[in-house]
1. For A447, are the conditions met, namely being in contact with a helix residue (DSSP H, G or I) (Cβ under 8 Å, 6 or more places away or on another chain), more than 30 Å from I641 (Cβ to Cβ), within 16 Å of the ligand (Cβ to nearest atom) and assigned to a strand (DSSP E or B)?
2. What's the number of the condition E557 fails, among (1) more than 16 Å from the ligand (Cβ to nearest atom); (2) touching a residue at least 24 places away in the same chain (Cβ under 8 Å)?
3. Examine region 324-341 for a residue that is surrounded by fewer than 20 Cβ atoms within 10 Å (Cβ to Cβ) and within 26 Å of S200 (Cβ to Cβ), and state whether such a residue exists.
4. Just name the residue that is farthest from the chain's Cα centre (by Cα) out of those in region 374-412 that are part of a loop (DSSP other than H, G, I, E, B) and β-branched (V, I, T).
5. All but one of (1) more than 8 Å from the ligand (Cβ to nearest atom); (2) of a type in the set (A, V, I, L, M, F, W, C); (3) part of a helix (DSSP H, G or I) hold for C306, so report the exception by its number.
6. Return yes or no: is D383 closer than 30 Å to N321 by Cβ, without any contact (Cβ under 8 Å) to a residue 12 or more places away in the chain and surrounded by fewer than 18 Cβ atoms within 10 Å (Cβ to Cβ)?
7. Considering (1) within 15 Å of the ligand (Cβ to nearest atom); (2) touching a Lys or Arg at 6+ places or on another chain (Cβ under 9 Å); (3) over 19 Å from V656 (Cβ atoms), say which one M241 fails and leave the rest.
8. Read through the list (1) assigned to a loop (DSSP other than H, G, I, E, B); (2) within 13 Å of the ligand (Cβ to nearest atom), then give the number of the only condition that A225 fails.
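The values are calculated or read from the model by the stated rules, or taken from the named source; none is laboratory data. Quick caveat: nothing in here was measured; it's all calculated off a predicted structure. Cβ sites come from the backbone with ideal geometry, for glycine too, and all protein chains shown count toward neighbours.
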Amino acid sequence: MVPEVEPDHALMIEENHLNTMLIDPKRDRFPCCIVWSPLPVLSWFIPFIGHIGICREDGVILDFAGPNFVSVDNFTFGAPTRYFQISREQCCCLSPCATEHTGEYVQSHDESESNANTWESSIRKSIQEFQHQSYSIFTCNCHSFVANGLNRLGFQAGLPVAIYRVSSDKISGCRCRSQYRLFTSQATIIQRRPDFSTISSEDLSYFKNILGERGVVQDEETLDAVNTDWMRKYKGTSKLMLQPRTVEEVSQILKYCDSRCLAVVPQGGNTGLVGGSVPAFDEVIVSISHMNKIISFDKVSGILVCEAGCILENLIAFLDNEGFVMPLDLGAKGSCQIGGNVSTNAGGLRLLRYGSLHGSVLGLEVVLANGTVLDMLGTLRKDNTGYDLKHLFIGSEGSLGIVTKVSILTPPKLSSVNVCFLACKDYASCLKLLLEAKRKLGEILSAFEFLDHDAMDLVLKHLEGVRNPFPFSMHNFYVLIETTGSSESYDREKLDAFLLNSMENDLISDGVVAQDITQASSCWHIREGIPEALMKAGGVYKYDLSIPVEKMYDLVEEMRVRLDASAKVVAYGHLGDGNLHLNISTPQYDDNILSQIEPFVYEWTSKHKGSISAEHGLGLMKANKIHYTKSPETVQLMASIKKLLDPSGILNPYKVLPPSLFTKR
Ligand SMILES: Cc1cc2nc3c(=O)[nH]c(=O)nc-3n(C[C@H](O)[C@H](O)[C@H](O)COP(=O)(O)OP(=O)(O)OC[C@H]3O[C@@H](n4cnc5c(N)ncnc54)[C@H](O)[C@@H]3O)c2cc1C
């Protein structure tokens, strides 16, 4: 059934972003339509009477159908009362025009009236065509009828459709826009700090003077993208993005912002999962993307020095050419930047083998809030002269300084890589397998990832191009093991012995070993594609936890009992590192479900001496939750360090630490 969203969970229609949310083809929410009834009382008797409005690129909603437009039994559209020029690129979904006309469309009244059946068939076609996308439908008072109608039209269970109720006075007329909600607990709701300034024309002139016109971005479309996080859960209202190209420019920007008390959000690839990379309000976005040069690479030591805006995948490709590998790899490698990776202390898929960035990052160049450039860009493996300050910035999520350059130790590329994808009957078998892998594969083990049945199910349903390695049966758990070594025959022999032994001991129920790079990529695609599949499935509550491995899956099972059938609890993660990604997938965001999850998930983790952020950071989502993992004394010391390095608190405010620690009395 198409789910209904209760009125109190309805999206608020406001002055802001409806057009981009509705029609931006980069977003899953495209396509979308708006349905409302101008006659609230009548709609009780004649269901679905009303209008369908479609949002045009410029935000104008087109009134698509008149009061005679539906017969509830077959959900047939009658004659629209007004016609508009729309194109498929601009909008579609339940628009009858969408599938039949790709260009501009204008139809006469008579023509459409005689064509009621065509209307319906084109709607069906439209739905079929877009069935992998999510649909957001807005209605004021024909809520359940819309749901019924859509069900009849072939929306299947699990299809990402959310019906939002909005008030009619807000959507009648034409220019209506919606506001993104923060889909997290109430405790995260924060107030803009009143002492922060707002951008003035003098500020703009200053920035244009130092960065030139092209370094000062004000166009709405770009700003919309950089104001919105990867999950589309967090949305800021910044009116300005700055794109420096040198450390001197970063320094000038921060010095100026500090003097003017203008808040700043450093942004890398904007793939962060905790709302840290986008403004909470109107902070200036400082994007490091244009600082993307590789400065040097030493083939003997394997030390790479580069600017912070280098995209991880580009660094991986560069090193591959040189016969080396990055000690870091993650699903977002195509967009995330090394500066963002360092600032979040990203873990990823190879931490098991190469350790955390605290180990492999040798040096950093960082700009402090007052513009001071800290040159800590050492390339030495050993340097015990005083406090090793670079560690303060690794994982500080842009709250202490902007990272502009990174020096990192990279290991040589080894010639033999094996990947196998295994099925296990229960979690206990996964754990025994992990222990065996550490013992038997030892020095060649480079990744040990796991996913459960629900994660696999989701990937198979929502991710294109995925091949199920076990097409004839589903299993309770799956494990991906990668080995990396220098001798093909030796490594393969070791792996085969390990697999044979594990099968004999009943730790594996089924398994495949990739025979070539394509098969290996196909196995990784399953594991790396889970976040994307979750996004496509609808709303997702994400938790990134470190928990002693033997206890880890108990939380998943307890969560399933708590939520019963109201949500899908999906588990996967870096089992080799004791890192669980617990995801609660729902057709749409629902505060009732959230209240079942939080604070339970944090309390449970704290009780079992875990961490509420294994690798994603705290960002906006968990700034107020730090006490579940860190003692009050530790948090106080962190706040003192923040105040020392950034007295005005302009760098990524409201994130990482509880904002209450910085409110002026
Ligand atoms: C599909 C997918 C898979 C992922 N897999 C993993 C994973 O396996 N492991 C993992 O740890 N994370 C993972 N992530 C999360 C994310 O990719 C990482 O946190 C990544 O390191 C963020 O890098 P970014 O450049 O996108 O930073 P952004 O998202 O732009 O920013 C993240 C934080 O760092 C700050 N920041 C960014 N650049 C700088 C800079 N130059 N100086 C100072 N502060 C800065 C921002 O202010 C923000 O607080 C995944 C995300 C996605 C979407």
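1. Here the answer is yes, as A447 does meet what is asked.
2. For E557, the failing item is (2).
3. no
4. T385
5. It is condition (3) that C306 fails.
6. Yes; evaluated as a whole, the condition is true for this residue.
7. Failed condition: (2).
8. Single failed check for A225: (1).
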